[in-house]
1. Residue 61: part of a loop (DSSP other than H, G, I, E, B) and of a type in the set (Asp, Glu), yes or no?
2. Show the residue pairs meeting these rules: Cβ distance below 6 Å; 6+ apart or different chains; first residue within the range 91-104 and on the phi < 0 side of the Ramachandran plot and modelled with pLDDT under 95; second residue of a type in the set (Gly, Ala, Ser) and near the ligand (Cβ under 9 Å from one of its atoms).
3. Within the range 35-45, which residues are of a type in the set (A, V, I, L, M, F, W, C) and over 12 Å from residue 84 (Cβ atoms)?
4. If you take the residues of the range 74-125 that are buried (at least 17 other Cβ atoms within 10 Å of the Cβ) and farther than 19 Å from residue 63 by Cα, which of them is nearest to the ligand (Cβ to nearest atom)?
5. What are the residue pairs meeting all of these: first residue in the range 44-70, first residue within 14 Å of residue 111 (Cβ to Cβ) and touching a residue at least 24 places away in the same chain (Cβ under 8 Å), second residue surrounded by 18 or more Cβ atoms within 10 Å (Cβ to Cβ) and β-branched (Val, Ile, Thr), Cβ atoms under 7 Å, and 6 or more apart or on different chains?
6. Could you count how many residues in the range 7-33 are over 12 Å from residue 108 (Cα atoms), in contact (Cβ under 8 Å) with a residue 40 or more places away in the chain and surrounded by 13 or more Cβ atoms within 10 Å (Cβ to Cβ)?
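The values are calculated or read from the model by the stated rules, or taken from the named source; none is laboratory data. Computed from a predicted model, the values in this text were never measured in an experiment. Counting neighbours? That spans all protein chains shown, and the Cβs are built from the backbone with ideal geometry, glycine included.
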Amino acid sequence: MPVNGLPPYDDDNIFAKILRGDIPCRKVFEDEWALAFHDIAPQAPLHVLVVPRGRYCSFADFSAAASPEEIAGFTRALGQVARDLGLEADGYRIIANMGEHSGQEVPHYHAHILAGRPLGKMLPA
Ligand code: 5GP
């Protein structure tokens, strides 16, 4: 169930379709808790999205409503993806957009992993 007045989960969002296999993705990792795949419009040399399998529309929803096992499983999957991609030596950035001011486009909670060059300041000046 959505929390704190958030809208209900939309089963037709693009990541729900990717999780169901209704539309393809360039998969880099999957386990019981998460699926990771390349972003269709990369904003860095490497831009991977990591999405939990559960029906959570945002970080706010996930952090409040997911079980401890889902939260731990997703967090470990996120770290595993970065390790598997060999990103730890040079570093990377994780971003999760939540809600209107963040510019969140897809209403299924996801983390962006960005890497492959120095990423500059966290926000434009
Ligand atoms: P948000 O703005 O919600 O944090 O990020 C959504 C991300 O999903 C964007 O970076 C966008 O490029 C990506 N995206 C949107 N549609 C698709 C799609 O069909 N496939 C993949 N792989 N990425 C998508």
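1. No: the conditions fail for residue 61.
2. Pairs that qualify, where the first residue is on the phi < 0 side of the Ramachandran plot and modelled with pLDDT under 95 and the partner is of a type in the set (Gly, Ala, Ser) and near the ligand (Cβ under 9 Å from one of its atoms): there are none.
3. Scanning the range 35-45 gives 35, 37, 40, 41, 44.
4. Here the answer is 114.
5. Listed by first residue and then by second, the contacts come to 48/81; 48/113; 50/81; 50/113.
6. Of the residues in the range 7-33, 4 are over 12 Å from residue 108 (Cα atoms), in contact (Cβ under 8 Å) with a residue 40 or more places away in the chain and surrounded by 13 or more Cβ atoms within 10 Å (Cβ to Cβ).
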